[in-house]
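Below is one structure; the comments refer to it alone.
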Amino acid sequence: MAGMIRKLLASGVAAKVIQEARKPHNQAKIKKAIADFTNKRGGGSRPGGSNRY
C-alpha cells in the first residue's frame, strides 16, 4: 500500500514539474541555468555533437 502511495505522489510531483517547465519565463530560467553551468564547467561544446540551443 505504501509503495502505491509513493508512486502516486511521485507522479504528481513529476506532472507539476513538467507543467511549470512549460511556462515561458521558467524556460528562460532553465536555459540561463544550463548556460551558466556549461560556462562554469569550461566550455559550451559537446563532444561528437552540435551546439543546438
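Coordinate-derived values only; no laboratory data. Not measured: the values here are computed from a predicted model. Cβ atoms come from the backbone with ideal geometry, glycine included; neighbour counts cover every protein chain shown.
Which lysines, if any, have their Cα less than 24 Å from the Cα of K29, not counting same-chain residues under 8 positions apart?
The reachable lysines, counting only those whose Cα sits under 24 Å from K29, are K16, K40.
By the scheme Lys and Arg +1, Asp and Glu -1, what is the net charge of all other residues having a beta-carbon under 14 Å from that of H25?
Net of charged neighbours comes to +4.
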